[in-house]
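The values are calculated or read from the model by the stated rules, or taken from the named source; none is laboratory data. From a predicted model like this one, the values you see are computed outputs, not experimental measurements. Don't worry about glycine lacking a Cβ; one is built from the backbone with ideal geometry, like all the others, and counts go over all protein chains shown.
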4 protein chains.
Amino acid sequence: MADSRIPVAVLGATGAVGQTFIRLLNGHPWFRVAEVAASERSAGKSYRDAATTWLEGIIPNEVAGLTVLPCDTGSVKSLLVFSALDAAAAQDVEPAFAKAGRFVLSNAKNFRMEPDVPLVIPEVNASHLGLIETQRKNRGWSGAVVTNANCAATCAAVALAPLHEAFGVRQVFAATMQAVSGAGYPGVPSLDILGNVIPYIGGEESKIESEMQKMLGIFSGNAIVPAPFVVSSHANRVAVENGHTVVMSIGFEQKPTVEQAIAAVRAWRGAEEVRGLPSAPAVPLQYFDEPNRPQPRRDAMIGKGMTTSVGRIREDSILHIKLVAMSHNTIRGAAGGSILNAEVLVSRGIVPRPGGSNA
Amino acid sequence: MADSRIPVAVLGATGAVGQTFIRLLNGHPWFRVAEVAASERSAGKSYRDAATTWLEGIIPNEVAGLTVLPCDTGSVKSLLVFSALDAAAAQDVEPAFAKAGRFVLSNAKNFRMEPDVPLVIPEVNASHLGLIETQRKNRGWSGAVVTNANCAATCAAVALAPLHEAFGVRQVFAATMQAVSGAGYPGVPSLDILGNVIPYIGGEESKIESEMQKMLGIFSGNAIVPAPFVVSSHANRVAVENGHTVVMSIGFEQKPTVEQAIAAVRAWRGAEEVRGLPSAPAVPLQYFDEPNRPQPRRDAMIGKGMTTSVGRIREDSILHIKLVAMSHNTIRGAAGGSILNAEVLVSRGIVPRPGGSNA
Amino acid sequence: MADSRIPVAVLGATGAVGQTFIRLLNGHPWFRVAEVAASERSAGKSYRDAATTWLEGIIPNEVAGLTVLPCDTGSVKSLLVFSALDAAAAQDVEPAFAKAGRFVLSNAKNFRMEPDVPLVIPEVNASHLGLIETQRKNRGWSGAVVTNANCAATCAAVALAPLHEAFGVRQVFAATMQAVSGAGYPGVPSLDILGNVIPYIGGEESKIESEMQKMLGIFSGNAIVPAPFVVSSHANRVAVENGHTVVMSIGFEQKPTVEQAIAAVRAWRGAEEVRGLPSAPAVPLQYFDEPNRPQPRRDAMIGKGMTTSVGRIREDSILHIKLVAMSHNTIRGAAGGSILNAEVLVSRGIVPRPGGSNA
Amino acid sequence: MADSRIPVAVLGATGAVGQTFIRLLNGHPWFRVAEVAASERSAGKSYRDAATTWLEGIIPNEVAGLTVLPCDTGSVKSLLVFSALDAAAAQDVEPAFAKAGRFVLSNAKNFRMEPDVPLVIPEVNASHLGLIETQRKNRGWSGAVVTNANCAATCAAVALAPLHEAFGVRQVFAATMQAVSGAGYPGVPSLDILGNVIPYIGGEESKIESEMQKMLGIFSGNAIVPAPFVVSSHANRVAVENGHTVVMSIGFEQKPTVEQAIAAVRAWRGAEEVRGLPSAPAVPLQYFDEPNRPQPRRDAMIGKGMTTSVGRIREDSILHIKLVAMSHNTIRGAAGGSILNAEVLVSRGIVPRPGGSNA
């Protein structure tokens, strides 16, 4: 029986996020990893030999034997391309693929804030994919770049989505406690984090303070009108493997009661077109009544790592409401988010299925 | 040669804070542990046998052989009494000692917010010791209870002291990342904290939101006028052994520039009468230029655990200034703070030295 | 559609191992949790209210609403009973259930070394289930108690099985590095294990030194002839959540070459009757060529936590061969092992399926 | 008042071990850090600017302002040279200094096993310093290289010293659980060690299996006759910051009782000439009666990090005795060990004091 799944490529396949793509795509019902690409140093080797530090379990058999390709449009043929490239590599490679007609699902920071590049958490803002048309016009591309946000910003944005919708967010204090996996591999030295907190993550706070407004903004037909709120953030690294925690104090246009805020979070299901997609969690936003939840080690894998968890909605003594949000940074906040974005592209027919069916 | 040091007692001597008292008092130039007291279960045993889980290193020889006393004023004779009792025990025991003419240096939460009980970080508010007179009058006691604050509130209060003095603090967002030692022993189960964050510490946020205003308040002659600011806090437990980290966003009466705020922190030396006391750190407030400091594992022991460290003073996008503060929770924030308070009492002559000399 | 799965009970359902049973049985194709039982303190509450610290993710809906029963044969009706009771409770409760005709799959240490009680890792010694007949005769029971071993002994025994079969194990030095989940909840205090090693686990070494010989022994028809080897063990607790690591130096009756030892491990598939059972891993014993594997955090979940991993087979300078073994202590070494044992009982027809079919 | 302390140099001063030298030498009564040297990349900068990641607390003022020198004998003038160079750099640099008349106290592995190079833990084998004469004759050097051993071998050798003296060690199984600081900085990635064990440390086992016999060997007048025992080791990395733990099973020429073995450990004081030196701990070998000690986080700092701790001496079921040993790997097992070696050189007059006094 022929495998009718869509062949996809993973760029930057040997790094931490690249490996997460490969683990999440293992057994995916729509996609199969047909190509892996990485730096010149790895190209030509088998994936097994190139991914010298495989970070979790065993390399899936179908991928272990693939030959690592260089990251260029001549070598990589797939239409659908998951990019785990770092910023330096992404700068030229991602546009080259889009120009060559490919759909690039990017985790890099480079193009997120470009006015014509969608920054997408589909439950929150699937409509922003309308920007693809603007992007193609502006740039003369036949493909497109679709980005997902910084992992901490993603966590916070999902938690804020129903509250912004209902009450209009105006100010957000956000203090993060971020997992080491967010820094990739080798990433954070163990001497920096065992029994420790690092109250600084280079470049992180500016992303948290700018990306949410775009994601929670309104697609006007050909551009995004950002949501009108201000964010002040404190980004911290803690001794957690996976799962970013964000505590937030929030001011609104209309102050909700605690009960109204909880009800809004509980009721939220996100964009209807996303429900039922292979990577969409049954519950995109889980509210915990227990006063000490969510917790990253215990709750990051809810919804196979795609659910965002919220707890402790209560009164804030300066602004209106405070709460804690948590989600899996390398799944919901990176590779899993990209895969869900790709599923929406396929579901909408923007990326065609092989054979043309779109069931 | 006779030991001319002041004999002191430690109440609650077998628990985590009690042990910290004993370690810090080992070799103290003014004080020697003459008596240890604990619950009925331990009374009558040698300290060595009662302190079944000695948490760090080896029990000092002079203490190991002491017989554990019950916590009553008949059994414990010392004038100077360090209390590491929990709230349930402290409620009756501490006033009984004060009534009996003893000076109780308390870590319990019970009496901190009583209007006639000084809540003291001596570099910040040694003047509040003037309340002892009010307390004695009000209560007819010949001794006194002097308290130190919640460990996270202590860390934040020292960091805010020079800023409040110079610019008038009006609003504070404080998110804490607190060490497990703050919960005592056995305290936090390892399954709760390994690779994890617990976004909740029972009762902690209300202390953080109320105690600082008292500590930074003004002693009017017979009462404290609390500092007029509002605190909103998020208390989190992290996988750190020692050292509480607090990130804060601060609004002021007069907005300082970043440079002015740094200069105020750098210049601060605290109350002059505290300098040179045995437990007073050379630098009570250390400012770090490195963008990723202070860090608890690396910096909590600066000044033998008595220095508070501050870093990352920068603009806040909602209020005025944000920063990170960190100090050792069981030394500066508990036992060490009490010992320094006692040193001030001796230095002021409130607690007499044996033989009457006060050099 | 009626649920045709076998209703089962979990005794000790609120503790750490009990919760693991409930998580692993969630969605099990043959079994469904119909009853949960726990101490008097919990009985009568809903499971949701009784399991106050749910350790991972969210309580499955089907179980959350069950009323917790007391642990007696009048209250609990299921034929198949998974016991996560501690030793104190197991002593009377497990025999009572067996006497009442129930099949008790026990994790307690109490009866493991009884001559007529099977101590089973089915891939290794499914034949030992023949002891059930002896047990019933001896004790006049219509049910039976089937035990699984200490979690560290389980890990070591699976790793040794193919080597013992091929070369005859005679001596084993075993140093363990055990996860905190092995101590249950609340279990190990965080102050004991953060940044630390505890070179002692009460009662553990004697289990490791005696249980393996029984498991690797021969069922003679009505008794077990233990394997003739000596074990010397050092049990250590480390800062790992899940997965026990055991390094071993092994002496054999016939010294194998390193290549022969690796080949024996690679070739081993375990008892044929176990293959294909719902909880049986595709590969019961995984050999790693990478010099630094297996590692608990990375590899404990291979085979859904049921695979034992081995690496670093090399020459030993005193005995013959040394290696490292690792497996998941609460799945392979506890709840998952019991469930697989139950699957064998059903597969053999010892426990009947509802309706009598045995497909 | 002139500083009459001996000026010393630290080579490799910016790395983790180099920093430990600088911390330990801060306030040393005999030595002061007069020169710091490092790689070409750092040379010419101030030490403050070169040591970009200062790992603990604050850089001592006297050192922060020193200009980093290149590691050559023209630039570095001190007679006494502490080398924290890695193996690649040490290979040429250390002999060059010795040839130029300097005394090099080396932590590198390169020359430890050379027949004419002393490998010294002075409490154990100060007599081996007699090899300096052989070394100078053999090589025509006017200085010398004196090495200290691998940190895990050091821990084990001190624990074995009294037992070997009294009963003759013949076989040792040693499984180590080693701190991440042993790998330097950045060293072990946090994703490799959080919640994990790595059952492999490159090159470590062969050092543990060979260096102890040399250290516990006899100096015959011009050579070392190694102790006649065999070591089998398993080296593991665990999530501990400081302190290597080694569990050992030991066979002897004459089997001691447990009581005899404990008595030998308790009675041992090490070479008399070492007692009272500035870095010599009051108790070089601490025996713990508590069944769960020593533990690295709690006990590594006993004797300011220079005491080796032993516990759990008990019968072994294969060899004779088993136990657990632990010591601080970067103090006793590296920088502190070198400093103590230097103190012996000064005390013996091999390195002259300035002004010629040797009090």
### Task
Could you list, in sequence order, all residues of segment D:299-313 that are surrounded by fewer than 23 Cβ atoms within 10 Å (Cβ to Cβ), closer than 12 Å to D:V247 by Cβ and either more than 9 Å from chain C (Cβ to nearest Cβ) or of a type outside the set (D, E, K, R) (or both)?
none
### Message
Checking the conditions here, which among A:S357, A:S249 is within 14 Å of chain B (Cβ to nearest Cβ), over 22 Å from A:N148 (Cα atoms) and either at pLDDT 95 or above or outside any helix (DSSP H, G or I) (or both)?
### Response
A:S249
### Query
Scanning segment D:321-332 for residues that are touching a strand residue (DSSP E or B) at 6+ places or on another chain (Cβ under 6 Å) and within 29 Å of D:T20 (Cβ to Cβ), which turns out surrounded by the fewest Cβ atoms within 10 Å (Cβ to Cβ)?
D:L323
### Task
Name the one entry in C:N61, C:N110 that is in contact with a helix residue (DSSP H, G or I) (Cβ under 7 Å, 6 or more places away or on another chain) and of a type in the set (S, T, N, Q).
C:N110
### Message
Which of the numbered conditions does C:N222 fail, given that it passes all the others? Conditions: (1) touching a Gly at 6+ places or on another chain (Cβ under 6 Å); (2) modelled with pLDDT under 95.
### Response
(1)
#### Entry: Evaluation of B:N222 against (1) away from chain A (no Cβ under 14 Å); (2) assigned to a loop (DSSP other than H, G, I, E, B); (3) under 18 Å from B:A149 (Cβ atoms) (one fails), failing number
(3)
### Task
Filter segment D:9-31 down to residues that are assigned to a strand (DSSP E or B) and under 20 Å from D:G305 (Cβ atoms) and give me whichever is nearest to the other protein chains (Cβ to nearest Cβ).
D:V10
### Summary
Per the filter on segment C:168-204, residues assigned to a loop (DSSP other than H, G, I, E, B) and within 7 Å of another protein chain (Cβ to nearest Cβ) are C:Y185, C:P186, C:G187, C:V188, C:L194, C:G195, C:N196, C:V197, C:P199, C:Y200
### Query
Being at pLDDT 95 or above and within 26 Å of D:R5 (Cα to Cα), is that true of even one residue in segment D:109-116?
no
### Task
Within segment A:114-128, track down each residue that is farther than 10 Å from A:I224 by Cβ, hydrophobic (A, V, I, L, M, F, W, C) and out of contact with any His (no Cβ under 8 Å at 6 or more places or on another chain).
A:I121, A:V124, A:A126
### Summary
Of the conditions (1) closer than 27 Å to B:S210 by Cα; (2) more than 7 Å from chain B (Cβ to nearest Cβ); (3) surrounded by fewer than 24 Cβ atoms within 10 Å (Cβ to Cβ), the single one that A:I318 does not satisfy is (2)
#### Entry: Hits in segment D:3-62 (condition: charged (D, E, K, R) and closer than 22 Å to D:F97 by Cα)
D:R5, D:R32, D:E35, D:E40, D:R41
### Query
Mind checking which residues of segment D:6-36 are of a type in the set (K, R) and within 16 Å of the chain's Cα centre (by Cα)?
D:R23
### Message
For the structure I just gave you, tell me whether D:L129 is touching a Pro at 6+ places or on another chain (Cβ under 6 Å), over 30 Å from C:S327 (Cβ atoms) and either within 14 Å of another protein chain (Cβ to nearest Cβ) or of a type outside the set (S, T, N, Q) (or both).
### Response
yes
### Query
With D:E40, D:E62, D:E35 as the choices, which residue is away from chain B (no Cβ under 14 Å), part of a strand (DSSP E or B) and charged (D, E, K, R)?
D:E35
### Query
Quick one: which of C:A153, C:A149 is part of a loop (DSSP other than H, G, I, E, B), away from chain D (no Cβ under 12 Å) and either under 24 Å from C:N341 (Cβ atoms) or of a type in the set (K, R) (or both)?
C:A149
### Query
Looking only at segment D:232-246, which residues are at the interface with chain C (Cβ under 7 Å from one of its Cβ atoms) and either part of a strand (DSSP E or B) or of a type outside the set (D, E) (or both)?
D:S232, D:H234, D:N236, D:V238, D:A239, D:V240, D:T245
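To keep it simple, each residue is scored yes or no on (1) of a type in the set (V, I, T); (2) in the same structural domain as C:P162 (by TED's automatic domain parsing); (3) within 22 Å of the chain's Cα centre (by Cα).
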{"site": "C:A239", "(1), (2), (3)": "no, yes, yes"}
{"site": "C:N242", "(1), (2), (3)": "no, yes, yes"}
{"site": "C:G251", "(1), (2), (3)": "no, yes, no"}
{"site": "C:A263", "(1), (2), (3)": "no, yes, no"}
{"site": "C:V274", "(1), (2), (3)": "yes, yes, yes"}
{"site": "C:P284", "(1), (2), (3)": "no, yes, yes"}
{"site": "C:E290", "(1), (2), (3)": "no, yes, no"}
{"site": "C:M301", "(1), (2), (3)": "no, yes, yes"}
{"site": "C:E315", "(1), (2), (3)": "no, yes, no"}
#### Entry: The listed residue being touching a Gly at 6+ places or on another chain (Cβ under 7 Å) and either in contact (Cβ under 8 Å) with a residue 40 or more places away in the chain or assigned by TED's automatic domain parsing to the domain that holds D:P284 (or both), out of D:V124, D:V158
D:V124
### Task
State all residues of segment C:205-218 that are in contact with a helix residue (DSSP H, G or I) (Cβ under 6 Å, 6 or more places away or on another chain) and either of a type in the set (V, I, T) or within 8 Å of another protein chain (Cβ to nearest Cβ) (or both); if no residue qualifies, say none.
C:I208
### Query
Condition test on A:V172, is it crowded, with 19+ Cβ neighbours inside 10 Å, closer than 19 Å to B:Q178 by Cα and touching a residue at least 24 places away in the same chain (Cβ under 8 Å)?
no
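Conditions tested, residue by residue: (1) over 18 Å from C:P296 (Cα atoms); (2) touching a residue at least 60 places away in the same chain (Cβ under 8 Å); (3) crowded, with 19+ Cβ neighbours inside 10 Å.
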site: C:T154; (1), (2), (3): no, yes, yes
site: C:L191; (1), (2), (3): yes, no, yes
site: C:Y200; (1), (2), (3): yes, no, yes
site: C:N222; (1), (2), (3): yes, yes, no
### Query
Within the bounds of segment A:5-28, is there any residue that is surrounded by 24 or more Cβ atoms within 10 Å (Cβ to Cβ), among the hydroxyl-bearing types (S, T, Y) and modelled with pLDDT of 95 or more?
yes
### Task
Could you list, in sequence order, all residues of segment B:88-138 that are basic (K, R) and either part of a helix (DSSP H, G or I) or surrounded by fewer than 21 Cβ atoms within 10 Å (Cβ to Cβ) (or both)?
B:K99, B:K109, B:R136, B:K137
### Message
I'd like the full set of residues that are assigned to a loop (DSSP other than H, G, I, E, B), in contact with a Gly (Cβ under 7 Å, 6 or more places away or on another chain), within 14 Å of chain A (Cβ to nearest Cβ) and in contact (Cβ under 8 Å) with a residue 24 or more places away in the chain, limited to segment B:256-298.
### Response
B:P294
